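Structure record follows, encoded as structure tokens.
The values are calculated or read from the model by the stated rules, or taken from the named source; none is laboratory data. Being a predicted model, the structure only gives us computed values, none of them experimental. As a convention, Cβ positions derive from the backbone with ideal geometry for all residues, glycine included, and neighbour counts pool all protein chains shown. Heavy atoms of the whole protein, side chains included, go into the accessibility calculation; ligands, DNA and RNA do not. Shrake-Rupley method; radii C 1.70, N 1.55, O 1.52, S 1.80 Å.
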Amino acid sequence: MVGQKRYLRKPRLVGQTDVYLSGLRLETGELLIVASNIACATPMDVYALRWQIEHLFQCLKGRGFHFEEMHLTHYFRIKKMMALLAIALAWAHKVGEWQHKVIKPLVIKKHGRLEKSFFRYGLDYLTDCLLVSVQRTHPFFAIDRKGNNSSRRLFGHVGNFSKVSVNHANGPNHLT
């Protein structure tokens, strides 16, 4: 039965470690089994939180800010950068939600998830707005006659800079 949960109350010995097992029947009919070395009243809820943390790390690493490429080693610098990135992540996520509600809703794909995360949607928008503002004041960042953006050499890993025509006056980050 879909949504059915089952928890084994007593741990099972695996090797030399006590393991607590839980199971959940997914909508696809598959069985999700979660193993833990500590007893928990709601292991599936804890497992769901783990995926939120995974998404956070994906945003901080390869899908957004490329935190690892900063090569910070000093504790206080890392601490300050994490605080800054937390603010930027929240801002990008809120802008993505706003875009989804006000500007253009994201498409829901066949698997039932959005085509991209609110974070990615908002980060792309903020990046485009920032580049439009910079291109107005600095010729190095201007688009050449062929439509190529010279800033891609420097910032190519952050977002899609070929679409820099975004300018929504009622948005949360109006840059003019």
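Which of the residues that make up segment 20-45 are farther than 15 Å from R6 by Cα and of a type outside the set (D, E)? Don't jump to the end; show me each part of the working.
Filtering segment 20-45 for residues farther than 15 Å from R6 by Cα gives 27-28, 37-38.
The answer is T28, N37, I38.
Filtering segment 48-75 down to residues that are under 13 Å from R120 (Cα atoms) and charged (D, E, K, R), which residue is nearest to the chain's Cα centre (by Cα)?
R63
Sort out which residues of segment 110-136 are open to solvent by less than 50 Å² (accessible area, probe 1.4 Å) and outside any helix (DSSP H, G or I), and write them in order of number. Before the answer, list the steps.
Step one: list which residues in segment 110-136 are open to solvent by less than 50 Å² (accessible area, probe 1.4 Å), which gives 117, 119, 121-129, 131-135.
Listed by number, the list holds a single entry, S117.
Please determine whether any residue of segment 96-107 is modelled with pLDDT of 80 or more, exposed (fewer than 11 other Cβ atoms within 10 Å of the Cβ) and polar (S, T, N, Q).
No, the conditions are met nowhere in segment 96-107.
Is it true that R12 is surrounded by 14 or more Cβ atoms within 10 Å (Cβ to Cβ) and among the basic types (K, R)? Can you show your working first?
Values: surrounded by 14 or more Cβ atoms within 10 Å (Cβ to Cβ): no; among the basic types (K, R): yes.
So R12 fails the test.
Among the numbered conditions (1) loosely packed, with under 10 Cβ neighbours inside 10 Å; (2) at pLDDT 85 or above, tell me where W51 comes up short.
(2)
Out of the strands (runs of 3 or more DSSP E) lying entirely within segment 1-109, which hold 1 or more residues that are aromatic (F, W, Y) and free of Cβ contacts under 8 Å to residues at least 24 places away in the same chain?
Working: elements: 5-7, 12-14, 17-25, 31-36.
Fully inside segment 1-109 and qualifying: 17-25.
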